[in-house]
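Let me begin by presenting the structure, written as structure tokens, before commenting on it.
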Amino acid sequence: MSTTTAPQTSRTGETPPSEPMIRLEKLTKQYPGQPAPAVDRVSMDIPRGEIIVLVGPSGCGKTTTMEMINRLTEPTSGRIFLDGADVTRDNPDALRRRIGYVIQQIGLFPHLKVSENIAVVPKLLGWNRRRINDRVDELLDLVGMDAAAYRDRYPKELSGGQRQRIGVARAMAADPPVMLMDEPFGAIDPITRERLQNEFLRVQQQVQKTVVFVTHDVDEAIKMGDRIAVLGQHSRIARYDTPANILSDPADSYVENFIGSGASLKRLNLTRVRDVVLETGCPTAYLTESLPQIRRRLLESDWTALLLLDQGRPRRWVTARDLTGSDADLATVGLPAVALVEPQATLADALNEMLTSNAGVAVVVDGRGVYRGMIDLDTIMIEARSMRRGTTEFYRAAKRSLTGGEA
Amino acid sequence: MVADCFPSQAPKAPSPTGQRDWSAGRTAARWLGMPLFLALTGGALYRYVAGQQLDTIEQRTLNASELTARVGEHLQLAAVSTAIVIAVAVPLGIIATRRSARFMTPAILALGNLGQAIPSFGLITLVVLTIGVGFKAIIIGLFACSMLPILRNTMVGLQQVDQTMVRAARGMGMSPLDALLRVELPLAVPVILAGVRTALIINVGTATLATFFGVKALGYVIYQGIQLDRTPVLITGAVLASGLALLVDYVAGVAERLLTPRGL
């Protein structure tokens with residue numbers, strides 16, 4: 001089995017841009033009457049077009065840190081640069097119109113329709129009606145909602161997941177280069193949350209915003225972040241690096257504790273199905289082919305099962321026994337093809353699919369559902385091992401000695 | 001699960017029209033009940049009065065032009081006083097809830113409470129003793145009596161607006177004034193309107209006292225009935241005053257319903 005290791009920085013953009021989109025310089029927030037500052041001299045550079053996740057325990061000041069970027073919380077001292085310009089003293093209202101903002105509880109305005117909610121910032125910026133309408137439709141489409149069906153709804157007529165989508169669309173309305181998201185997927189059931197996370201990653205691939213994302217959920221941080229800033233008390237930055245680097249080398253007991261156990265499992269979230277070499281040796285046949293033809297193909301291969309395709313889409317698994325007898329109906333024979341994953345799914349998703357559907361392999365299909373290949377447990381195991389920097393060498397050495405011993 | 005990451009979700013909420021059809025019967029009963037009741041009461045009153053042998057004293061009060069004038073005066077008192085209260089109490093309530101003006105909140109509330117605590121009769125008397133009888137004095141009295149409901153409801157209505165809404169508004173770049181006009185006030189409208197309705201009822205009721213201070217209104221009819229010991233006059237005055245109060249309350253209820261932003 002051949003595999004490739006995804007480069008550790010595969011999700012962090014091709015070339016590091018010279019100038020950060022956001023630069024925080026010794027940013028401090030001291031609330032009156034409090035002995036210690038809520039945020040103590042935080043300095044960080046946030047590169048263009050990346051998702052930066054601020055993660056840390058409750059009350060560590062991560063939301064305060066984020067809110068100082070659009071000055072919803074005014075810093076006591078320190079400076080904020082946006083796209084190279086010092087905005088610490090700019091008019092905060094004008095500044096905020098240039099920064100998309102998704103609040104923790106979404107905060108859609110209940111008395112405004114979906115379209116009016118999305119149009120808030122464009123209206124503040126004085127766009128004309130036509131441009132606003134076009135933009136609303138474009139954004140609804142972008143977040144996967146039918147514009148005609150939803151633009152005139154009120155928030156109370158939407159499900160939680162739909163409200164969340166509108167919240168994201170609203171933040172992107174005036175196409176701001178920077179977006180701040182404060183636990184945007186916090187109050188949503190796990191299944192919808194996962195779907196929204198994937199969806200946001202897909203949207204982000206298209207729009208390439210600079211996103212500052214706050215969460216207390218390490219798994220979400222690993223999944224969403226191009227870079228993660230692990231924050232300690234007073235928003236002190238314990239670690240600021242790519243998820244892969246943090247997971248393979250926490251470098252610090254605080255960070256290690258915060259990541260928690262199961263780091264190897266979490267690492268599976270870092271590699272996508274499209275980054276590994278798929279197994280394509282499995283025999284396949286079309287529903288339209290003749291039974292003897294299919295049987296011969298299966299017997300000639302070294303596989304015990306064959307995948308039946310219907311217009312390129314996986315339908316059923318059949319074994320040689322299913323194909324004996326001349327009256328076998330290809331539409332019902334064997335077992336249905338389950339555990340389908342798309343290339344942008346993570347290896348954790350694929351593993352999860354395999355375990356829940358009790359299948360030894362996951363079938364990889366593209367966006368239109370067309371068969372692309374397989375991914376099996378061995379592939380995932382090898383990926384998981386090779387991602388650990390130290391152990392990679394160990395396994396390579398072990399493999400070498402093993403083959404050397406046999407030779 | 002992974003393969004269908006982005007399905008557009010099926011519409012969840014039932015269509016508004018479907019909802020309306022379902023409860024159409026109940027809604028009609030709710031909105032038509034009160035007008036029907038008032039019409040029946042009015043008809044009964046008319047038949048009762050028409051069936052009486054009225055003497056000249058009674059005739060002087062119980063005739064169309066006289067009664068129309070009294071009802072007109074009554075409505076005028078209630079409308080003018082309520083309009084002034086709205087114009088004063090809503091802005092005052094807004095100021096009282098602004099962070100920068102919090103220190104004035106107790107003083108503003110105390111002022112409103114004062115008007116509410118003093119019996120209306122005594123309060124109007126005090127005003128009259130100060131500036132003399134007449135329309136103006138009564139309006140000032142009514143204003144003081146009905147200040148509190150609108151003031152308090154404006155404050156409560158604004159305070160109960162979910163602070164995350166305000167934060168979202170500010171975070172998107174709305175100025176404090178934008179946030180007030182576009183988010184806070186629309187969300188507070190139902191509560192403020194409830195206060196307006198209460199104030200209106202208070203004013204319609206209290207306006208019956210105007211007859212003692214120089215404006216006849218419907219209180220005059222009742223008072224005549226008592227003073228001259230004429231039961232038909234007394235009954236007519238009492239029924240008209242109560243019916244008018246109910247009618248005003250009904251109209252205010254309809255207005256409240258229509259003015260509440262959809263989606264709330």
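Only a single criterion out of (1) open to solvent by 30 Å² or more (accessible area, probe 1.4 Å); (2) outside any helix (DSSP H, G or I); (3) within 27 Å of residue B:33 (Cα to Cα) is not satisfied by residue B:229, namely (3). Answer yes or no: is there a residue in segment B:19-39 that is modelled with pLDDT of 90 or more and open to solvent by 90 Å² or more (accessible area, probe 1.4 Å). Looking through segment B:19-39, at least one residue is modelled with pLDDT of 90 or more and open to solvent by 90 Å² or more (accessible area, probe 1.4 Å).
Residue-by-condition table, conditions (1) modelled with pLDDT of 85 or more; (2) more than 12 Å from chain B (Cβ to nearest Cβ); (3) more than 21 Å from the chain's Cα centre (by Cα):
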site: A:347; (1), (2), (3): yes, no, no
site: A:366; (1), (2), (3): no, no, no
site: A:372; (1), (2), (3): yes, no, yes
site: A:375; (1), (2), (3): yes, no, no
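Residues of segment A:322-336 include none that is open to solvent by less than 10 Å² (accessible area, probe 1.4 Å) and outside any helix (DSSP H, G or I).
Tell me, which strands (runs of 3 or more DSSP E) wholly within segment A:182-247 include 3 or more residues that are within 14 Å of the chain's Cα centre (by Cα) and away from chain B (no Cβ under 14 Å)? Spell out how you get there, then give the answer.
Details: elements: A:210-215, A:227-231, A:237-241.
Where strands (runs of 3 or more DSSP E) fall fully within segment A:182-247 and carry at least 3 residues being within 14 Å of the chain's Cα centre (by Cα) and away from chain B (no Cβ under 14 Å), they are A:210-215.
Is it fair to say residue A:98 is more than 29 Å from residue A:239 (Cβ to Cβ), open to solvent by 30 Å² or more (accessible area, probe 1.4 Å), in contact (Cβ under 8 Å) with a residue 40 or more places away in the chain and not polar (S, T, N, Q)? So residue A:98 fits the description; yes.
Filtered by the rule that a residue be facing chain B (nearest Cβ under 10 Å) and surrounded by 15 or more Cβ atoms within 10 Å (Cβ to Cβ), segment A:141-159 gives A:143, A:144, A:145, A:150, A:153, A:154, A:155, A:157, A:158, A:159.
What about residue A:63, is it in contact with an Asp or Glu (Cβ under 7 Å, 6 or more places away or on another chain), buried (at least 22 other Cβ atoms within 10 Å of the Cβ) and outside any loop (DSSP other than H, G, I, E, B)?
Answer is yes for this residue.
For every residue, the table says whether it meets (1) within 14 Å of another protein chain (Cβ to nearest Cβ); (2) part of a loop (DSSP other than H, G, I, E, B).
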position: B:169; (1), (2): yes, no
position: B:173; (1), (2): yes, yes
position: B:179; (1), (2): yes, no
position: B:198; (1), (2): no, no
position: B:208; (1), (2): no, no
position: B:220; (1), (2): no, no
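Pairs meeting the criteria (first residue in segment A:70-90 and at negative phi and at pLDDT 90 or above, second residue surrounded by 15 or more Cβ atoms within 10 Å (Cβ to Cβ) and assigned to a loop (DSSP other than H, G, I, E, B), beta carbons under 6 Å, at least 6 apart or on different chains) are A:76/A:30; A:79/A:88; A:80/A:87; A:80/A:88. Pick from segment A:371-386 the residues that are of a type in the set (D, E, K, R) and open to solvent by 80 Å² or more (accessible area, probe 1.4 Å): which of them is nearest to residue A:283 (Cα to Cα)? Of everything passing the filter in segment A:371-386, A:372 is nearest to residue A:283 (Cα to Cα).
Among the residues of segment A:277-299, the ones that are touching a residue at least 12 places away in the same chain (Cβ under 8 Å) and either in contact with an Asp or Glu (Cβ under 6 Å, 6 or more places away or on another chain) or not β-branched (Val, Ile, Thr) (or both) come to 13 in all.
Looking at segment A:176-195, which of its residues are open to solvent by 10 Å² or more (accessible area, probe 1.4 Å) and in contact with a Lys or Arg (Cβ under 8 Å, 6 or more places away or on another chain)?
Once the filter is applied, which keeps residues that are open to solvent by 10 Å² or more (accessible area, probe 1.4 Å) and in contact with a Lys or Arg (Cβ under 8 Å, 6 or more places away or on another chain), segment A:176-195 yields only A:177.
Would you check if residue B:127 is within 12 Å of chain A (Cβ to nearest Cβ), in a helix (DSSP H, G or I), among the β-branched types (Val, Ile, Thr) and without any contact (Cβ under 8 Å) to a residue 40 or more places away in the chain? No.
The values are calculated or read from the model by the stated rules, or taken from the named source; none is laboratory data. All of these numbers come straight from a predicted model, not from anything done at the bench. Because the Cβ atoms are built from the backbone with ideal geometry, glycine has one as well, and the counts that use them run over all protein chains shown. Quick note on the areas: whole protein, heavy atoms, side chains included, nothing else; ligands and nucleic acids left out. Shrake-Rupley method; radii C 1.70, N 1.55, O 1.52, S 1.80 Å.
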